[in-house]
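Read the figures in this text as sums done on the coordinates, not as results from a lab. Not measured: the values here are computed from a predicted model. Every residue, glycine among them, receives a Cβ derived from its backbone with ideal geometry; neighbour counts consider all protein chains shown.
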Amino acid sequence: MTKPVRCSLYLLAAAVIFLLSCGAGRAEELDLAGILKDKTLEEAIGILLELQQNNPEHLGIKANIGALYLRRKETERARIYLESAQRLMKNRPGLGSLQDRYLVWTNSSVLEYLSRNHEQAVIAADNALSIDSNDPAGVELTKAKALVKLKDFDRAVEILARFWNERRGILNVEDSLTFAELLILGADPKNALRVYDHVEVTFGWVPGLGARQSVALENLGMYAESIVVVFKDLDIRRFSGQIDSSLVKENLLTVTAKLEDVVGQQRLTRIAKMVEGIIAYINAQYGQAWKHFSTFRDSIDEPYFTFLLLASQLQSGVAAQKDFVRFLEFEKVLSVHPGFYYHLWRGMKNGDGVYSFQTVHRLLEQVIIRSPGTAFADESRRELAGFFGISSPEMLLINAELETIYQRLLAGTSLTALERIIGMLALRDNPYSAAALLITENLAQRPHVRQYLQETMGLRTEKMKNVLSPLAGL
């Protein structure tokens, strides 16, 4: 089954037992979790809707249908079933199990929160908590976020602090970020930073995390560190092709200028040195960047600063084995960062270790996948092509790209897209050619593709005619 979001959005109970009318009206107990095991979200909804036809007033079925539609973000459909379940509970007190009733109100609270009916979200959450104060799904977290929207910060932070101390594992990204913001409002930036660190370690980098961290750091007077985490967001966007280097530099200088009015000259000098190092890093002047960053080595304990220091060291070709080991530790929190993979393969090439297709192809592929259309991806593609003496690197497609084109063709896109795959067959042998040939063979089994190959055969080189003619049935 599709992996469930935390129970506040998808609450198929672990062992929901309900009555199903069947045969000559005989009631039979069934295990809903067992019935829906390994089913997709669509299949699960279909099964429940069919059961609903025979059991129109079964609270558990209505509750779970509403939960599944909510999981699919179809709030209006979810509302139909959840409000119907609420009417059943009102008209027939005691109907369904406690678990069913808790499920109805928990999902109703989430529904109202998503619909921006924050007062109703609080009421529904309180109804759920009155049924099961243990709150296995964590509906009280939805209540806390609704209270924030209602500007009832004291009650909200009390709830979130309790979960942080007692049930931290149930907090999702939104819960954690909300808690951190409340801590900053309450003049507790140090603990806010701990929460942000928890987010990064648990969930990895999320968009805007650096900007949030910078607010807490500035409140603590840690301005150089604040610049670093602001740059973290910009650097990831730069490597992902969302923003160009000139705009990154402009943003950095703007942030620095704003600090001129709030910090003393000594701190401003320190900030300027950090920005100089970052700009050298942006300009790929890694040796110069490393020298700048090294002056902060013993005074800054910010993970992304360590990342920048090590990346510059790797790129400069002066990294030792222990530096590579430390750098590899960043993959868990920065797996979305194309720069992590780019710096690593470049560091391996510039270093003294074994550098071959086998040792770096995964890194090169990750840059191509995560940094499409950028100079970083182009360089990585050229590096891959160079291992096999391919003179037209732009024609080389890795397996992930081939699969994307294949899926588009299956979905009905123009057959001209097939030319990218066919182009792979004209290249020198490489590890990706087999996938290109297999895809072409599979597609050629479709009549319209076979016809396309026949009609375009006259445009092919002799080499490609030899490859494609058998597939085209010629």
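Can you sort SER226, SER109 from fewest to most other Cβ atoms within 10 Å of each residue's own Cβ? Kindly include the intermediate steps, with their values, before the conclusion.
Values: SER226 25, SER109 30.
Lowest to highest Cβ neighbour count: SER226, SER109.
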**Asked** Among LEU234, LEU252, which comes first, second and so on when ranked by fewest other beta-carbon atoms within 10 Å?
**Response** LEU252, LEU234
**Check: the chain dipole with +1 on Lys, Arg Cβ and -1 on Asp, Glu Cβ, in debye** = 480
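Can you tell me the relative contact order of the chain? Whole percent, Cα pairs under 8 Å, sequence separation 6 or more.
Numbers: 565 pairs, mean separation 31.9, N = 474.
Relative contact order comes out at 7 percent.
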**Request:** State the answer as a single residue: which of THR295, TYR196, LEU253 lies farthest towards the positive end of the charge dipole of the chain, with beta carbon charges of +1 for Lys and Arg and -1 for Asp and Glu, about the Cα centre.
**Result:** LEU253
**Asked** For semi-axes √(5λ) of the Cα gyration tensor in Å, the choices are (i) 47, 40, 16; (ii) 51, 29, 20; (iii) 46, 26, 21; which was calculated from the structure?
**Response** (i)
**Fill in**
re region 95-169: pairs of Cα atoms spaced beyond 19 Å account for a percent value of 31
**Message:** Using the crude model of +1 on Lys and Arg Cβ and -1 on Asp and Glu Cβ, and no other charge, please compute the dipole size for region 392-472 relative to its Cα centre, in debye to 20.
**Reply:** 180
**Item:** Centre separation in Å (Cα based) which lies between region 174-220 and region 224-285
**Value:** 20
**Prompt:** Along the positive direction of the dipole of the chain (beta-carbon charges: Lys, Arg +1; Asp, Glu -1; about the Cα centre), which of PHE376, ILE243, ALA44 reaches farthest?
**Reply:** PHE376
**Request:** Kindly put ILE131, ILE405 in sequence by how many other C-beta atoms sit within 10 Å of each C-beta, fewest to most.
**Result:** ILE131, ILE405
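So which of LYS232/LYS332; LYS62/LYS90; LYS322/LYS349; LYS145/LYS232 end up more than 18 Å apart by C-alpha? If you can, show how the numbers build up before the last one.
Values: LYS232/LYS332 15 Å; LYS62/LYS90 14 Å; LYS322/LYS349 16 Å; LYS145/LYS232 27 Å.
Distance filter (> 18 Å) returns LYS145/LYS232.
Summarise the long-distance tail of P(r) for region 392-472 by giving the % of C-alpha pairs beyond 16 Å. Could you put the intermediate results ahead of the total?
Values: 1463 of 3240 pairs.
Cα-Cα pairs of region 392-472 separated by over 16 Å account for 45 percent.
Sorting check: for 114-121, 137-144, which peptide has the highest mean count of neighbouring beta carbons within 10 Å, and how do the rest follow? Write out the running numbers ahead of the final one.
Numbers: 114-121: 16.1, 137-144: 25.6.
Order by mean packing, descending: 137-144, 114-121.
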**Fill in**
The rounded separation in angstrom of the Cα centers of region 403-422 and region 44-91 is 40
**Prompt:** 222 nm [θ] for the chain, helices only, -39500 (n - 2.57) per DSSP H run of 4+, per residue, to 500?
**Reply:** -21000 deg cm²/dmol
**Request:** Answer rounded, prolate or oblate for region 200-335, using the Cα gyration tensor with square roots of eigenvalues a ≥ b ≥ c: rounded when a/c is under 1.5, else prolate when a/b is larger than b/c, else oblate.
**Result:** rounded
**Item:** Among GLY66, ILE439, ASN91 - extreme Cα towards positive end, dipole of the chain, charges at beta-carbon
**Value:** ILE439
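Answer rounded, prolate or oblate for region 130-270, using the Cα gyration tensor with square roots of eigenvalues a ≥ b ≥ c: rounded when a/c is under 1.5, else prolate when a/b is larger than b/c, else oblate.
Prolate shape, in that a/c is at least 1.5 and a/b is the bigger ratio.
Let a ≥ b ≥ c be the square roots of the eigenvalues of the Cα gyration tensor of region 138-203; is it rounded (a/c under 1.5), or, if not, prolate (a/b larger than b/c) or oblate?
On the way: a/c = 1.78, a/b = 1.17, b/c = 1.52.
Because a/c hits 1.5 or more and a/b fails to exceed b/c, region 138-203 counts as oblate.
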**Cβ charges +1 (Lys, Arg) and -1 (Asp, Glu), total dipole of region 138-203, debye** = 120
